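Data first, discussion second: the structure below is written as structure tokens.
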Amino acid sequence: MFNLFSLRTKLTLLITVIIIGITGGLTILSIKKEQNYHQRAIKEQGELFLDSIDVMLRNSLYSLDVNSIVKLVQEFNEHQAVIETVRVFDAEGRLLIESTEKYLPLNTQPDSFGQKIVNHQTILYQQSDDYLVAAKPIIFGQRTVGAIAIKLSKEPLKQKIAAVRSQGLIIAAVAGSGGILLALFISHSLTVPLNQLIKATHRITTGNLSYRIHLKNKDEFFLLAKEFNQMSDWLEETLKKYQENNAKLQHDLFHDNLTGLANRVYILQEIEAEIKEKKANQDHCFAVLFLDCDRFKVINDSLGHDVGDEVLINIAQRLNLCIRKHDIAARLGGDEFVILIKNLSDIKQVTQIADRILKQMSEPLILENQQLVITMSIGVVVSQENYENADDLLRDADITMYHAKQQGKAQYAIFKPIMHTQALERLEVESSLRKALEKQEFYLYYQPIISFKTSQLIGFEALLRWHHPTQGWISPATFIPIAEETGLIVSLGQWVLQEACHQISIWQSHFPFSEPLKVSVNISSFQLNQMDFVEQVKKVLEESKIKASQLNLEITETVIMNNIESTSFKLQCLQKLGVKISIDDFGTGYSSLNYLQQLPIDILKIDRSFVRRLESNPSEFQIIEAIIKLGNILGMETLAEGIETSEQYNLIQSLGVDYAQGFIFSKPLNKSLVEQTLYSLFQSSSLTWNFNDYVNTISG
């Protein structure tokens, strides 16, 4: 297809113009040169004729022999066809002879041209396109005797020039045609490889990186094509690597690096898509399961992060075994997982999958020669129309999972709207809890501890209470778990320890009983995990100026077993100081006898649940009896809490328990009531506790 603006057309036109220009220029130069040559030739011929006539007419002009002049001119003119006329002038410039028809004198008056010739003394020329006039004076001796003028025709010159021009045009035409052919050949040889390069470039820009250029001529275009092909090879390889890296990047963008499951970004996108589908189609149904591994932190801290990672990988593998092909399992982070169940036709499908997961997780896992049992708490949310985004749905699933944990872990719970309300209330409690210590909203209540052997008051258990400015008294069962989860329990526990020791010190100074009062303080695992916990206790004892033996730290079995080695070391350090150590709620945890006999424990505190069922369930009596015997064997004292009735009191006393506390003696007392009670005891000079008097009377 012809293109006026193509490089090929431009090259062809340029080369053609150059060749035609050169050929035309050479032709014109040749014609001009030929013209100049013939001009010189005719002049030379004129000079030759003048010299010949000069010799012939010199004597005749000198003698003014007109007949002789006529005859001579006539003879000369007849033999020279190129001469049109010959004019002869005398010394005065008068025309004597003009070789026309009869060679007769034509004028006796001086002729201006003749005079000019006579006076010129050299050859004079006049010319036009058709003729050339050459004239010169004739000198005889030192005297000018006349002049001669010859008119020469230029017709022969014109014919020769015309022939040269015709020849030049033919040459120019031939050269031009050859130039065009040459131009076409050159442009073709240049543009064909260029077109191949353009074609290859176009193929590459459209994504065909496999296209290559093949040229035969070993010229610069061949080298350019070779470099181009190498560039294409590099681009193809680079694109391949880019696509591979991009595919990996896309995979990594939407998948968890450790487990290979979908990640938060991907699962959120999928849940958003399901929510949109639900809004468009009310019959569409899906569910989201929020899963959290129970006690994963214990595994991670005790066996190391590598084992923890292996556990997470194993959980991911088990989850994939429990779901259908079109369902999606994802890891949000840490030990939190989410499962999206699509195309749900029946709520039973959700519970079946949840049951499969719980069953699959209950299978023991062997890692690092340790048999681990992984349990999961699962929160289930079935799709509803009111969800606007995935975050809200996940929030409710998380709330539901937390509810499952509160119900005892290793189970699933299905979301109910009231759970969201409870979560908001819990969030409000958490927000208020962060400011409560600073605002001095916490108080310590003290429950008396009585010795069965002496029936005397030996001390108190310090119990934390929170009085909210608007909500009133908030149960410890509500705010203690929140404090533990947020980490506020560390500062809160420290305050309880300081306040309890300080208060016992004050009471001891006000009421100096012979036997110093003791105080029991509950310690959380978060406090015990503090590196400087032993130093904190020492500092509190020093500041409060009470003896170490007056302080009893109560720790649950779970706290001890979470990190047995570190806990044992710290407890030994505390025991060396003289601090007493109690295991709180003994019998409800999972401590082994092997660990129990190695730990520095002073008192086993029998949980109130055993005491409460003592009257209705005879087996509880045997359990308490076994705990007491175990304590005696291990050299530990025992304390029964939660005694509320006389029958419980009598049964417990008969079993040989060392200490007791409960509502039968007194409910927890505020500072003022404790001081009234101590005052009464001090007035009686005895710590003997009569649970029919004192507190029951004081507290009404």
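Where a number appears in this text, it was derived from the coordinates with a stated rule and is not lab data. Computed from a predicted model, the values in this text were never measured in an experiment. Quick reminder, even Gly has a Cβ in these numbers, built from the backbone with ideal geometry, and neighbours come from all protein chains shown.
Please label the shape of the stretch 430-698 as rounded, prolate or oblate, based on the square roots a ≥ b ≥ c of the eigenvalues of the alpha-carbon gyration tensor (a/c under 1.5 means rounded; beyond that, a/b larger than b/c means prolate, else oblate). The shape class here is rounded.
Note on the stretch 461-520: Cα-Cα pairs beyond 19 Å make up 44% of the total pair count. Partners of LYS226 within straight-line reach, counting lysines whose Cα lies under 17 Å from its Cα and excluding those fewer than 8 residues away in the same chain: LYS199, LYS216, LYS218. In this Cβ point-charge picture (+1 for Lys and Arg, -1 for Asp and Glu), the chain has a dipole of about 3240 debye about its Cα centre. Counting every alpha-carbon pair across the chain, the share separated by more than 34 Å comes to 71%.
Under 5 Å between amide hydrogens, built in the peptide plane, is the criterion, and for PHE460 it picks out ILE449, LYS518, VAL519, SER520 among residues at least 5 positions away or on other chains. The helix-only estimate of mean residue ellipticity at 222 nm for the chain, built from DSSP H runs of length n ≥ 4 each weighted as -39500 (n - 2.57), is -18000 deg cm²/dmol after division by the residue total. Between ASN257 and ILE564, the simple label model (points 7 Å from Cα in the Cβ direction) yields a spacing of 3.5 nm. Annotation: the antiparallel percentage among DSSP beta bridges lying fully within the stretch 486-584 is about 0. Within the stretch 35-160, the ratio Rg/Rh, alpha carbon atoms throughout and Rh by Kirkwood, equals 0.96. Excluding same-chain neighbours fewer than eight residues apart, the aspartates and glutamates reachable from LYS359 by a Cα-Cα span under 20 Å are ASP292, ASP294, GLU310, ASP327, ASP335, GLU336.
For the pair the stretch 501-547 and the stretch 399-425, the centres of their Cα atoms are 38 angstrom apart.
Cross-link pairs exceeding 21 Å in C-alpha to C-alpha distance, out of LYS409/LYS580; LYS453/LYS547; LYS518/LYS580; LYS539/LYS576; LYS518/LYS605, comprise LYS409/LYS580; LYS453/LYS547. Each label was represented as a point 7 Å from its Cα along the Cα-to-Cβ direction; for SER455 and THR375 these points are 4.5 nm apart. Ranking of MET636, MET531, MET231, MET376 by neighbouring Cβ atoms within 10 Å, starting from the fewest: MET531, MET231, MET636, MET376. Within the chain, helices built from complete DSSP H runs that reach 27 Å or longer along their own axis (Cα positions) and carry a mean Kyte-Doolittle hydropathy of 0.0 or higher are 7-63, 155-205, 489-510. Panel note: the C-alpha atoms of the stretch 447-581, placed on their principal axes, show extents of 43, 42, 30 Å (largest first). Put in line by how crowded their Cβ is, counting other Cβ atoms within 10 Å and starting with the fewest, ASP327, ASP252 read ASP252, ASP327. Name the residues of the stretch 543-566 whose amide N is less than 18 Å from a point 7 angstrom out from the Cα of LEU367 along the C-beta direction? 562-563, by backbone N distance to the label point. For the chain, the longest stretch holding no chymotrypsin sites (Phe, Trp or Tyr not before Pro) located in a DSSP loop with at most 10 other Cβ atoms within 10 Å is which? No qualifying site falls inside 6-589, the longest such stretch.
Once backbone amide H atoms are built at 1.01 Å from N, GLU84 has LYS151, LEU152, SER153 as its partners under 5 Å, excluding neighbours fewer than 5 places away on the same chain. Here's the picture: charge each Lys and Arg Cβ at +1 and each Asp and Glu Cβ at -1 in the stretch 255-415, and of LEU367, GLY333, ILE414 the one pushed furthest to the positive end of that dipole is ILE414. With neighbours defined as other Cβ atoms within 10 Å of a residue's Cβ, the residues SER616, SER549, SER432 order from fewest to most as SER616, SER549, SER432. Under the shape rule built on the C-alpha gyration tensor, where the axes satisfy a ≥ b ≥ c, the stretch 246-299 is oblate, since a/c reaches at least 1.5 while a/b does not exceed b/c. At a Förster distance of 56 Å, what's the computed FRET efficiency of GLN317 paired with THR645, Cβ-Cβ distance as r, to 0.05? My answer for the efficiency is 0.55. For LEU124, nonlocal amide neighbours, meaning residues 5 or more places apart or on other chains whose placed amide H falls under 5 Å from its own, are ALA135, LYS136. Summarising the label geometry, the points placed 7 Å from Cα in the beta-carbon direction at ALA626 and GLU244 lie 6.4 nm from one another. The slack between LYS279 and ASP309, meaning 0.36 nm per residue of separation minus the straight C-alpha distance, is 6.9 nm.
For the chain, DSSP calls about 70 percent of its internal beta bridges antiparallel.
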